[in-house]
Structure formats: C-alpha cells, structure tokens
Amino acid sequence: MRNRQLSCLSRLVILTGAAFLMAPIAPEAAPQAPPVDTALAHRYFQEAGDLCKKDDGSLWGVSLCGPMLFVDRATRAVVANQGDREGHLTRDGEVFVGKLPERVNIANTATDWAGVRWTMIIWPLPEDRFDRADMMAHELWHRIQNDLGLPGSGPSNNHLDSVEGRVWLQLEWRALQEALIDRGEARRAHVKDALTFRSYRRRLFPDADSEERALEMHEGLAGYTGAKLSGRPDMARQVARRLAEAEKADTFVRSFAYASGPAYGALLDETGVSWRKGLRPENDLGLILRQALSIEPPRDLKGEAERAAVNYRGGALRASETEREDKRRRLVAMHKARLVEGPVLVLPLRKMQMQFNPNNLQPLDSLGTVYPDIRIVDLWGILTVSKGALMGPSFDKIQVPAPADPGGRTVQGDGWTLELEAGWSLTPGERKGDFTLRKSP
C-alpha cells in the first residue's frame with residue numbers, strides 16, 4: 001500500500017441548503033459531474049490492460065491483469081472494469097458502477113470485496129501518464145503477490161526513526177543513487193558502500209534485517225514493478241531521483257521500502273542475473289546483489305562504514321539528524337502524555353482492516369507506533385482517527401484518549417469517532433478513567 005495512495009488524506013465537501021435560501025433568484029444549477037468520470041476511468045482501464053499485455057507475464061511469470069476499482073474517497077463512488085459476484089455493481093456502458101460499503105476501507109491496495117479480489121486505486125489518478133502507469137502497475141502487483149508466494153507484510157521498522165537508523169539508511173540511499181548513475185567499477189564501488197552501510201545498520205539493531213527485508217519484499221517489490229513498467233525512459237536515473245526525494249520524508253519507518261526496493265531491483269536488472277524467478281519472503285535484495293557482483297563483506301564493518309560515510313556527506317547528515325532527534329523527543333513526550341499516561345480507551349484488535357498514511361507514522365519507543373490518521377474496521381465497529389492513535393507493537397490493540405461520555409452507539413473523543421456495532425459497548429478499563437470494549441452475552 002503506497003502513499004502514492006495513502007499520503008493523500010480524505011477530502012470532505014459539505015453543501016448546506018441555507019446558502020441557496022439566501023439568494024432570491026438563483027440560476028438553474030448545472031448538472032453535477034459524477035464523482036468518477038466513467039469515460040476517463042474506462043480509458044485508464046484500457047491503459048492498465050495495455051500495460052499488462054505489453055508485459056505479458058514476462059516480469060513475474062504471471063499476468064498483472066485483473067479486476068480493478070477506482071474509488072472516490074468523499075462519496076465512496078466506485079467504477080470498476082468488471083462486475084462483482086454479489087450484484088453490488090451495475091453496468092454503465094463499458095464500465096461498472098456502484099458504492100463501496102462503509103466497512104470497506106479506501107486505499108491504494110489489493111482488497112477482497114463482493115466475492116472478488118480487486119486492485120483498488122483512489123480517484124483521481126495522476127495526470128502524468130508515467131506516474132499513472134507507475135501507480136497502476138504497483139497496485140496490480142499487490143493483487144498477485146500472494147500467488148507469487150510473497151504475501152503482504154507490514155512491520156513497523158521503528159528503528160528507522162532513531163538517529164543511527166536514519167543516518168545509515170540515508171547513507172545507503174546516497175550510495176545507491178551514485179551506483180544507479182555510474183557504470184563499471186565506479187558503480188561496483190558505490191554498491192559496496194551501500195551494502196556496507198546496510199550491514200552496519202542491521203548490526204546496530206538486532207531485528208532490523210528481518211523487519212526491513214519483510215517490507216522490501218512487500219512494498220519494495222511493488223515499487224520496483226511500478227518503476228519497471230511505467231514506461232519512463234532511463235529507469236535507473238528516475239529511481240535515483242526517487243531516492244533523493246525520499247530523504248525529505250518526515251519518517252522512514254513504514255515507507256523506506258518504496259525507495260529502496262526499486263533501487264535494488266534496477267541494479268539487479270543491470271547485472272543480468274535472473275533474480276526474480278523463485279523469489280521468496282526470506283530472500284534479501286541486498287544479499288542477492290552482493291552475490292551477483294561478487295562483493296565480499298568488509299572485515300572491519302564499523303571502520304569501513306565510518307570511512308565510507310565521509311564520501312556521502314555523513315558529517316552534515318549526522319548533525320541534521322541530531323537536531324531532528326531533539327524535536328522527536330519532545331513529540332514523543334507529548335504523545336505519551338496524551339495516549340499513555342492520561343486516561344485512554346483501549347480497543348482490542350481481532351479481525352482488523354486498517355487504512356492509514358505510511359508517510360507520517362511516529363514510533364513511541366517500545367510502546368508501539370502513533371498513527372496520526374487512521375481508519376480501522378473490526379468486529380466491534382469503525383474507528384476513525386484524525387489526531388493520533390497508539391498502535392501496540394504486536395498489532396493487538398490500539399488506544400486513543402478516553403471519551404468524556406462513553407455511552408451510545410457513536411462515541412467521540414479528542415480527535416476520534418467510534419461507531420459501534422450492535423451488542424458492543426464501552427466498559428471501565430484497568431486504570432481509573434480508562435475504558436475498553438465489551439460484547440453483550
């Protein structure tokens with residue numbers, strides 16, 4: 001799921017009848033355009049079909065073609081390239097239209113709805129044809145990734161919000177940028193530096209290798225697929241620019257793989273090795289590239305990493321990250337006061353679907369991760385958050401500030417709304433002032 005995707009926040013338009021009553025004579029209202037332009041949607045479906053046919057399964061061994069949905073966030077209006085299996089969609093010329101139920105989250109992702117596994121993309125799509133093809137190919141890959149034996153995964157990678165995690169990740173990216181632009185021995189030298197920074201970072205954080213690998217094999221490969229099939233000329237330079245842009249993100253914890261994956265994929269393609277066939281979740285793109293170029297790991301990993309860092313402006317980078325860390329600690333203290341130390345509502349997660357922005361997550365040390373804006377659908381109902389919620393490190397619970405009034409089917413608190421399913425209600429929690437959920441027997 002790429003923000004591409006999730007970085008776009010909901011847009012809400014409210015029209016009030018009072019505004020029309022104020023005008024004694026109003027011109028006849030023009031017909032309102034549908035939320036999704038069906039003719040344009042059909043054209044985009046054709047573009048996706050052409051992209052799939054051109055690839056013809058050569059990239060991953062299977063076709064990317066399949067059911068697609070375009071969804072308008074504000075109205076939940078849907079335009080699809082085929083019908084569903086439960087009769088929710090109706091034909092409208094060359095496409096199918098309907099409305100997405102409230103219990104289905106809206107995001108750029110693969111989703112199961114109405115008996116069909118869809119590629120869902122938020123409307124409107126990018127106007128630039130290369131950006132549009134990149135987005136569609138990225139999301140089309142998510143629909144087939146389970147068939148490839150590469151199931152979705154969403155580890156937090158909270159270590160990438162620390163000074164050391166961020167410094168060594170960005171040094172890896174800078175070395176990869178140079179490798180994508182250079183050729184021959186210069187490229188090999190930059191790749192060696194990138195892999196040294198990568199290995200040293202993972203030595204500093206014991207779980208980093210498995211967590212980073214999991215997200216690279218999920219969003220990283222999707223990002224590579226989008227870049228590869230976008231049709232842009234000189235993929236390597238385009239991916240290098242993406243790495244440079246990635247450094248400007250507020251956080252890397254859930255979004256770093258969007259930049260790293262395409263970079264390693266592009267460099268692996270340049271080696272000529274057949275690296276995609278038989279790929280498994282436990283594989284590591286960096287290790288595959290190391291083997292393809294016969295690069296030996298350094299004996300003195302720390303010393304070599306520190307020496308190489310000088311070539312990529314490592315000193316200035318560390319200074320800026322130290323300054324950022326001071327701001328982060330103040331933010332952590334604020335979140336702890338609001339979401340941990342004060343009264344909270346703790347919601348257990350049982351059969352969760354979530355919609356969120358991966359570009360603004362804020363780790364809260366060992367307590368979990370703050371999601372500034374998130375929508376969760378679970379057995380107990382729908383939680384919509386706009387001012388931050390704390391997700392537990394095991395994804396087994398989420399908590400928000402306690403409500404002033406815990407009664408009713410719709411409960412509200414500071415920056416959140418909870419719409420409860422029938423039979424569910426709030427009950428006092430473990431601490432005084434806390435609340436949790438209970439289901440009537």
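Applying a threshold of 6 Å to beta carbon distances and a minimum spacing of six or more residues, or different chains, the list of pairs starting in segment 287-298 at a residue that is without any contact (Cβ under 8 Å) to a residue 40 or more places away in the chain and ending at one that is of a type outside the set (K, R) and part of a loop (DSSP other than H, G, I, E, B) reads I288/W275; A292/V273.
Hey, could you check segment 299-333 for residues that are touching a residue at least 12 places away in the same chain (Cβ under 8 Å) and of a type in the set (S, T, N, Q) and say which is most open to solvent (accessible area, probe 1.4 Å)? Applying the filter and picking the extreme gives N311. Considering (1) assigned to a helix (DSSP H, G or I); (2) modelled with pLDDT under 95; (3) not charged (D, E, K, R), the lone condition that G278 does not fulfil carries the number (1).
Which of the residues spanning segment 403-426 are open to solvent by 30 Å² or more (accessible area, probe 1.4 Å) and not charged (D, E, K, R)? The answer is A404, P406, G407, G408, T410, Q412, T417, A422, G423, S425.
Contact map, segment 153-179: residues that are within 22 Å of K327 (Cα to Cα) paired with residues that are hydroxyl-bearing (S, T, Y) and in a loop (DSSP other than H, G, I, E, B), Cβ distance under 7 Å, separation 6+ or inter-chain. Pairs shown: D161/T251. The one condition from (1) in contact (Cβ under 8 Å) with a residue 24 or more places away in the chain; (2) within 30 Å of K327 (Cβ to Cβ); (3) surrounded by 18 or more Cβ atoms within 10 Å (Cβ to Cβ); (4) not charged (D, E, K, R) that P372 does not meet is (1).
Of all residues in segment 225-275 being in a loop (DSSP other than H, G, I, E, B) and acidic (D, E), which is nearest to D131 (Cα to Cα)? Here the residue is D234.
Check A214 against each of (1) in contact with an Asp or Glu (Cβ under 9 Å, 6 or more places away or on another chain); (2) assigned to a helix (DSSP H, G or I) and name the one condition it does not meet. For A214, the failing item is (1). Say whether the condition of being surrounded by 24 or more Cβ atoms within 10 Å (Cβ to Cβ), closer than 30 Å to D128 by Cβ and at pLDDT 95 or above is met by at least one residue in segment 197-208. For segment 197-208, residues surrounded by 24 or more Cβ atoms within 10 Å (Cβ to Cβ), closer than 30 Å to D128 by Cβ and at pLDDT 95 or above: absent.
The values are calculated or read from the model by the stated rules, or taken from the named source; none is laboratory data. Everything numeric here is computed off the predicted structure, so don't read it as measured data. Glycine also receives a Cβ, built like all others from the backbone with ideal geometry; neighbour counts cover every protein chain displayed. Protein only, heavy atoms only, side chains kept; ligands, DNA and RNA dropped before computing areas. Shrake-Rupley method; radii C 1.70, N 1.55, O 1.52, S 1.80 Å.
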